[in-house]
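Just so it is clear, none of the values below were taken in a lab; they were calculated from the coordinates. Every value quoted in this text rests on a predicted model; they were computed, and no experiment measured them. Here Cβ is always computed from backbone atoms with ideal geometry, including for glycine, and neighbour counts include all displayed protein chains.
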Amino acid sequence: MVIEAGAREKLSFAVIDAIAHKHNVELGAIIPVLQEIQEAYGYVPPVAIQRVAENTGVPASELFGIVTFYAQFRLQPLGKNLIKVCHGTACHLSGAERISQTIEQVVGAKEGETSQDGLFTVERVACLGCCSLAPCIMVNGKVHGRLTPEAIGKLVSQVKEKEKVVLSGEVG
């Protein structure tokens with residue numbers, strides 16, 4: 001059975017069932033089951049939690065507790081572009097909060113959220129290891145440092161322009 005999980009994805013109970021049964025539905029295998037579901041879908045859809053509960057006998061509330069406890073799991077799909085905002089000591093002292101507030105205003109998503117248009121997911125991280133570039137962020141794996149609120153607007157505009165080019169099929 002295939003069900004609609006949202007505007008962008010379809011979930012297959014067969015895939016979820018296969019993942020659960022591959023791990024012999026043992027209690028100790030719950031985290032690997034959830035990890036594999038996230039790998040398959042990019043997040044752990046609530047309907048998958050219910051289906052795993054049916055397959056394993058582990059209450060959905062317990063599965064939900066696991067997914068919300070561990071930072072590795074997501075209950076919503078990531079946006080097309082992942083912004084990680086560093087809040088390590090150097091970045092914090094250099095204005096990480098202002099950077100976070102600006103990102104929220106520019107992309108329309110707070111830390112831990114995805115923008116309505118699905119273009120951006122914003123995550124707060126403890127440290128990116130680029131203290132000499134503070135304050136810094138990472139966008140799709142690329143570090144941007146010595147940022148100002150004004151630089152955030154320009155950076156987000158560049159990412160949006162690249163998205164337009166990809167959608168229009170142009171090569172740049």
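Quick notes on this structure:
- Extension gain, residue 146-residue 158: 0.36 nm per intervening residue step, less the Cα-Cα distance, totals 2.6 nm.
- Long-range tail of P(r) for the range 81-168 (Cα pairs > 23 Å, %): 15
- Taking amide hydrogens as placed 1.01 Å from N in the peptide plane, the amide H of residue 148 sits under 5 Å from that of no residue at least 5 positions away in sequence or on another chain.
- Treating r as the C-beta distance of residue 168 and residue 18 and R0 as 45 Å, the FRET efficiency rounds to 0.75.
- Charge tally around residue 141: other residues with Cβ under 15 Å, Lys/Arg +1 each, Asp/Glu -1 each, net +3.
- Separation of alpha-carbon centers, the range 109-137 and the range 35-65, rounded to whole Å: 26
- Calculated Rg/Rh (Cα atoms, Kirkwood Rh) (choose from (i) 1.11; (ii) 0.93; (iii) 1.05), label: (iii)
- Estimated at 0.36 nm per residue, the fully extended path between residue 131 and residue 98 surpasses their Cα-Cα distance by 10.2 nm.
- Among the chymotrypsin sites (Phe, Trp or Tyr not before Pro) in the range 48-101, those placed in a DSSP loop whose Cβ has at most 12 other Cβ atoms within 10 Å are 70.
- The range 68-124 - Rg over Rh from alpha carbon coordinates, Kirkwood radius: 1.00
- Built amide H within the under 5 Å cut-off of residue 123, gap 5+: 83, 84, 85, 112
- In the range 33-135, the ratio of gyration radius to Kirkwood radius, Rg to Rh, stands at 1.08 when only Cα atoms are counted.
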